[in-house]
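The values are calculated or read from the model by the stated rules, or taken from the named source; none is laboratory data. Keep in mind the model is a prediction, meaning the values are calculated, not measured. A quick note on method: Cβ atoms are made from the backbone with ideal geometry, for glycine too, and the neighbour counts reach across all protein chains shown. When the accessible area is computed, the model is the full protein with side chains, heavy atoms only, and any ligands, DNA or RNA have been set aside. Shrake-Rupley method; radii C 1.70, N 1.55, O 1.52, S 1.80 Å.
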Amino acid sequence: MLHSERELPLVIAHMVQKLRGTVLYSQLERQARVSLHRSDIKLESLKEDIKEFLKISGWEKKLQNAVYRELNVHPLPSHPLATAEHIKEPLSYMRRAQASWEKRILKSLNSMCTEQSIPLARKRPTIEQKELLSKWNEMGTDEPDLSRFRPVYAPKDFLEVLINLRNPNYECSDQPSFRSHLGLIQVPLQVKDIPELTEYFKELGLNTGQLGIDDSTQVPPELFESEHIHIGKKVLRQQDSAAAQQYVRQGCPTALRAELWALILNISNQPEDMLYYEQLKANVIQYDLLADSLIYKDVKLTASNDDFYFVFEDYLYQVLLCFSRDTSVLEHFAYNSASPPKSYIRGKLGLEEYAVVYPPNGVIPFHGFSMYVAPLCYLYHEPSKLYQVFREMYVRFFFRLHSISSHLSGIVSLCLLFETLLQSHLPELFYHLREIGAQPLRISFKWMVRAFSGYLATDQLLLLWDRILGYNSLEILAVLAAAVFAFRAVNLMEVTSLAAAEKQDEMLDLLHTHDNHIYLKQYLLIFQL
């Protein structure tokens, strides 16, 4: 949000720069020229008449949605003199930690490459290209030998890095004091307390109707649902991204969710978008990357073994293989604390002019990465649209779950928020688990880093992701994780070890077999206490 009216010209200039050169910009120019031949366009009121034409013809709404998308995705310029690295991440110790983590990931990838004598990339022989093209829609039936490959890292490896994160300018010691944080995260970041969360997520109050909550208000659920669907259809007719984002805060009707999410994310699946997807597919057919084997391995280890997602195995390969080639994803590194990994052309090691980003999108897949895509397969069955929605979800939200930053939706802040909520709301439970060596974060971290994908039943997960889109924030993940512990508090107070506490984690599986909304209710309730 703007801090003063003096920033408005800077923000407008920033927005124009972002939109210039886009397909929409060219389309608007073309439509403006076409309108000059209309009889109702007068020379003396040319500017106003063209603006009116663009409004009536729907192009003004498309421009508004594009601007709204930029405001949601790209950070506003904090200061004209702010450096690129400051925009990526303002805290220098976070930048150093992220750079160190990236070196570890790259070292792991290079070690696998060296040990197995596998090139990072190679051109496929013509016969192999034809074979891959012929089975493009049946890649799930392929059984390549993946025994030589291992995930570059798993969430538990990443958690250890976050646990050891320290601010060198902040005085802390191993001895507890009134300034100590008793959790695993030991960096002083500002996170919301319960009153602030209550205000921020005020639409989640128990007095407000919620789709998927049967008894949250006095209004009969069937009556609320009928009215909510009616409003949702009206939002879709208006094609207003901002209205759609506000609407989904109370949950999406199943029949409208795909269209509403696409509207919020400003995805229209135009012919040029489908052509771009085909170009990415052609690149997959032509070239084989080491990252492809990591994708295959991850899908086989995760989604293929999930009762809800194994049927989408073909879609997952198609989307993730194309994603790894998509250089447009590199744009998100302007506001991501991470930097794209680089490799060197053979024989040119260390020469910067021969460095290339690898993989081309700058994202090395890790264990569980495919679970970011899997739930979307329930909503979109056209590959190019499924791809666009996933890519937009990634550059808006998911990248923050595996990079080190001080952002409120970054994984470090989410971990700290989760621990702070438990300490303030359930201090006895938190202290008990800490004393028996079962720090709650060691259990909940994998839920949050996957945005609960694979841990909640799909209908529950999509209701949760409605709220992520609605609030343009991942903070709800930490709240829900805390709510799960609140719900299991009585049982957890009786456990005596980490292993026993982790068995309580299996209670999440109940949502895979029982049609209830217990955790969704719980994260509403936590705000009322």
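Listing for the model above:
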| item | result |
| --- | --- |
| Set of lysines near LYS42 by C-alpha distance (under 29 Å), chain-local residues within fewer than 8 positions excluded | LYS51, LYS55, LYS61, LYS62 |
| Answer label, with mean projected area of the Cα convex hull in nm² calculated from the coordinates and candidates (1) 29.5; (2) 40.8; (3) 24.1 | (1) |
| Long-range amide H partners of ILE267 with built H, under 5 Å | none |
| Net +/- balance of residues flanking ARG434 in space, Cβ distance below 12 Å, scoring K and R +1, D and E -1 | -2 |
| Label-point separation, THR126 to GLN17 (7 Å along Cα→Cβ), nm | 4.8 |
| Amide H within-cut-off set for SER403, under 5 Å, with H built and near neighbours excluded | ILE411 |
| Contact order relative to length of the chain, as percent, for alpha carbon pairs under 8 angstrom and 6 or more apart | 18 |
| In nm, spacing of pseudo-spin labels at LEU223 and THR198 (7 Å Cα→C-beta vector) | 2.7 |
| Stretchable slack from ALA355 to GLU428, in nm (0.36 nm times residue separation minus alpha-carbon distance) | 21.0 nm |
| Residues LYS233 and HIS381, FRET efficiency given R0 of 30 Å [Cβ-Cβ distance, rounded to 0.05] | 0.90 |
| Theoretical FRET efficiency, 1/(1+(r/R0)^6), r = Cβ-Cβ of TYR25 and GLN279, R0 22 Å, to 0.05 | 0.60 |
| The stretch 246-286 residues near the modelled LEU133 label - backbone nitrogen below 20 Å, point 7 Å along Cα→Cβ | 274-286 |
| Set of the stretch 477-501 residues, backbone N closer than 17 Å to the point 7 Å along the Cα-Cβ line of ILE436 | 485-501 |
| For the stretch 327-446: accessible area per residue (Å², 1.4 Å) | 33 |
| Length added when fully stretched, GLU115-ALA99, from 0.36 nm per residue minus Cα-Cα | 3.3 nm |
| Accessible area per residue in Å² at 1.4 Å probe, computed on the stretch 5-73 | 72 |
| Distance between modelled label sites at ARG150 and HIS86, nm, 7 Å Cα→Cβ extension | 4.3 |
| Rh (Kirkwood; distinct C-alpha pairs) - the stretch 5-73, Å | 13.3 |
| Within the accessible area of the chain (1.4 Å probe), percent carbon and sulfur | 54 |
